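The structure appears right after this line, and notes come after that.
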Amino acid sequence: MRARRHSLAVLVFALVAAHVPAARSQVWRTVTASRQRGAADSLRLHVYFGAGTFNIMPATEPLLYTLDLRFDANRVRPMHHYDAATNTLTIRSDSAIGHPFSLDLKRTGFNFNGPGDDRNGTDLSLGLARGVPLDLSLTLGACDATLDLSNLSVRRLHLETGASQTTMTFSAPNPVAMTSMQLDIGAAGLTVNSLGNARAANVQVSAGVGGADLDLGGTWTGTMHLVLSAALGGITLRVPQDVGIEARVAKTLGSLDAADLTERDGVYHSANWTTATRTIVIDATATLAGLEITRE
Amino acid sequence: MRAAILAGALAVATAVHAAGAQTKRAPARAPSAGDSITALVDSLGRDPNGVAIERSAVESGPRTVPAGTTVNGSIGSFHGPLDVRGTVTGNAVALGGDVVVHSGGVVRGDAIALGGHVQLDGGTVQGEMRSLSALTVGPLAKSAPRTPAQATKRSLSLAVGWYLVLAVIGLFAALFARGNLENIAERIRDDFSRCFFYGVVGQIAFLPALVVCIVALCITVIGILLIPFAIVGFVLGGAGAIALGFLAMSYMTGEAAMRWRGAVSPYTPPPVVQFLFIGLSLYFVLWMVGGLLSWAGWFGALIRLVAAMVTWVAVTVGFGATLASRGGTRAPGGRVPPPRTPPTIPDASWQTPTPVSGVAAARRPTPPPRSVQR
């Protein structure tokens, strides 16, 4: 009797599954845009990107920006706008047509649009001019993002991610000093390679459920101030051997894993703190989270 | 175990269906000579990545802005390249062609190519250079209409795909849910018109019932969390009932066809699978004919309409019967069918085997004849 009931349940499920047609047809569109540098002395970039693949890299041609966009017009309607007065480029590709969660009953079946649904996500590749000071504000949803900021003159950077897996690389020193760097990580992960090349005196990292892996390698001098906030997730810092470390860590059911540091009056110091030519000062808050400092 | 086998087999069935209904990637359609310039210009103005341009600025065929000349405002070509050697104070737009800005050429606005590319050949574009594969709004946003051959092929593919899926599902329903199928069919046989009525009411009441369900969950406050699951479960249940009902109706149809041919014996159990396949095939034939006549304009549409109506009636009756019989768990008359148990064997039957050759009956003792006393 039970076997029969199970069979019936499975049967009903399969019947329904068979009646759910495949997702509605895709209408792929591509947009390629670029702008000559002209008299622009800087570029502000605001990107709001939902699901798909997002890349930033240095432009190969002497252009202010290049933009390659590929999207399914049945799902998203990306737009971009450049304000010549403020040198601001805004790109939006962050909302599905209709509501972020929607059942499309217009066609023969139903189609579920979810904000994290990147099966048919948008591809956006952005090339940015070298030598032009850049203020970047990136808000990413559920996407795979690769940010190659090598050789770009990044003056400010604000990265906010939802459930995206993001890799950021500074393989060459930033031509300009970065005055502000703020990284807010949601539920996925962030990996930063050669963060030291960013030449950021102040870096703020806030990690939610996801984790952050920050490699502080690269060419930098002086003192870097790092403000870390981790909740539920974890942050790993990879610090070069020659860098002196001072860390203040407020833990609430959190942990600090730093074998190289010694505590004195609630402040952790590395052995070379007083002699190092470049140092890092860490103010960390760990709530149900772990902070790990390793030497590279 | 049965459930696992069933699940695997039905997964295959679903995969077959999914393959049949595979998503089509509609290719971007470049502007052609048949498109209306006015409609294109209008759509380009409404496209998020497009640009506004006056209709009067666009002319058919290749266009050139000669060196040393200035075009005040925008200029556009339709179905041909736009070569800029002079100065354009507005936008330079090519609909279905390339925009080429040659050395000495200046575009003070944007250079936009729809279905082409913007090429910089030593010139200057002060605005943005933009290439669009196609529009996202308006007539060109739609993919190219299907040719009659494509339409026929698509209709046939859909019909065959649905038939295969329903055949596989029907086979498993006949094997593992035969009782339910027979009860639903019996219900249809018992009162066809009432089942149809129930089916229509069920279809009309489906969404209101869902709303009532959601409201009821909201009232309980804690049930709010269950609303997404309730919606999915409700939709799944409804679709499952419709499918099961249609299979039962196919079974009925097959049985009626066989009975009409006089091929049903009252002394043998009904061949459920055979009836089911015959019924499904009859509906399939309707759709195949409709599909084959896809090229035939209104006549083909009429045949497809007939097929759709017949199928809808079958689905409605089956759905109504499924509701009335509570998924085939109740036989007509409201009685719950007795559980199927194997026939009982008398305990002592094996103890007294009977020889094949039979048992010689003993002669019954009879009293000796009386002697007559003289």
How would region B:148-324 be classified by its alpha-carbon gyration tensor: rounded, prolate or oblate, with rounded meaning a/c under 1.5 and the a/b versus b/c comparison settling the rest?
oblate
Work out from phi, with θ = phi - 60° and the Karplus expression 6.51 cos²θ - 1.76 cosθ + 1.60, the ³J(HN,Hα) of each residue of region B:236-248, listed in order in whole Hz, and give x for Gly and Pro.
4, x, x, 5, x, 5, 4, 5, 5, x, 5, 5, 5
Please list the non-local residues whose amide H lies under 5 Å from the amide H of A:Arg295, H modeled 1.01 Å from N, same-chain partners needing a gap of 5 or more.
A:Val239
What does the charge count near A:Ser206 come to, summing +1 for each Lys or Arg and -1 for each Asp or Glu among other residues with Cβ under 11 Å from its Cβ?
-2
Prolate/oblate/rounded label for region B:37-141 (Cα gyration tensor, a/c 1.5)
prolate
Give me the net charge for the shell around A:Leu226: Cβ to Cβ below 15 angstrom, other residues only, Lys and Arg +1, Asp and Glu -1.
-2
Alpha-carbon centroid distance for the pair region A:225-296 / region A:183-200, whole angstrom:
16 Å
Using per-residue counts of other Cβ atoms within 10 Å, averaged over each peptide, order A:249-258, B:308-317 from highest down.
B:308-317, A:249-258
Relative contact order of region B:37-141: what whole-number percent is it, with Cα pairs under 8 angstrom and at least 6 residues apart?
21 percent
Could you list which residues have their amide H under 5 Å from that of A:Ala129, counting only those 5 or more apart in sequence or on another chain, with H placed in the peptide plane?
A:Ala59
With a ≥ b ≥ c taken as the square roots of the eigenvalues of the C-alpha gyration tensor of region A:26-295, please select rounded if a/c is under 1.5 and otherwise prolate if a/b is larger than b/c or oblate if it is not?
oblate
Going residue by residue through region B:219-233, the Karplus relation 6.51 cos²θ - 1.76 cosθ + 1.60 with θ = phi - 60° gives ³J(HN,Hα) values, rounded to whole Hz and with x marking Gly or Pro, of 4, 6, 6, 5, x, 4, 5, 8, 4, x, 5, 5, 4, 4, x
Quick one: net charge around B:Cys195, please, counting Lys, Arg +1 and Asp, Glu -1 for every other residue with C-beta under 12 Å from its C-beta.
0
Under the rule of at least 5 residues apart or a separate chain, name every residue whose amide H is placed under 5 Å from the amide H of A:Val176.
A:Val154
Across region B:108-115, in residue order, what do the Karplus-derived ³J(HN,Hα) couplings come to in whole Hz, using 6.51 cos²θ - 1.76 cosθ + 1.60 with θ = phi - 60° and x for Gly and Pro?
7, x, 9, 10, 10, 10, 9, x
I'd like the trypsin sites (Lys or Arg not before Pro) in region B:142-213 restricted to DSSP loop residues with at most 14 other Cβ atoms within 10 Å, sorted by number.
B:Lys142, B:Arg146
Whole-angstrom gap from region B:188-216 to region B:287-313, using each part's C-alpha centre
27 Å
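Since every read-out is calculated from the coordinates, none of them should be taken as a lab result. All values reported here derive from a predicted model rather than from experimental measurement. So basically every Cβ, Gly included, is an ideal-geometry build from the backbone, and we count neighbours across all protein chains shown.
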